[in-house]
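Q: Quick one: the structure is below, and I'll ask about it shortly.
Derivation of every value follows stated rules applied to the coordinates shown; laboratory data play no part. Everything numeric here is computed off the predicted structure, so don't read it as measured data. Glycine gets a Cβ as well: all are built from the backbone with ideal geometry, and neighbour counts include every protein chain shown.
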Amino acid sequence: MAASAYERKYKMRTLGENGLNIVVSIPRIVIEKEAREKNLTVSEFIEQYYAVAQYNSFEGIHYNFKLKE
């Protein structure tokens with residue numbers, strides 16, 4: 001991983017009936033950076049965007065943020 005990349009470890013937890021979902025938090029610093037790049041506050045960013053997880057075609061997981069329609 002590049003020296004300038006953000007890397008931290010986060011615990012996972014189950015959510016929902018029979019642990020149907022596994023939840024990992026997105027660090028605030030990541031959302032702050034995305035909001036700043038779009039000239040939005042964190043609250044505005046969270047209201048206007050959703051997170052999209054991409055996986056299975058490469059190693060690991062990648063998140064994109066897409067504008068809600």
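Q: Which ones in region 41-52 are among the aliphatic types (A, V, I, L, M) and in a helix (DSSP H, G or I)? Steps first, answer last, please.
A: In the first step, residues of region 41-52 are kept if they are among the aliphatic types (A, V, I, L, M); the result is 42, 46, 51-52.
Within region 41-52, Val42, Ile46 qualify.
Q: Further, regarding this structure: Select from region 14-40 the residues that are within 25 Å of Ser4 (Cβ to Cβ) and outside any helix (DSSP H, G or I) and list them in ascending order. Quick ask: steps written out before the conclusion?
A: So the first thing to find is which residues in region 14-40 are within 25 Å of Ser4 (Cβ to Cβ), and the list is 24-40.
Of everything in region 14-40, those that are within 25 Å of Ser4 (Cβ to Cβ) and outside any helix (DSSP H, G or I) turn out to be Val24, Ser25, Ile26, Pro27, Lys38, Asn39, Leu40.
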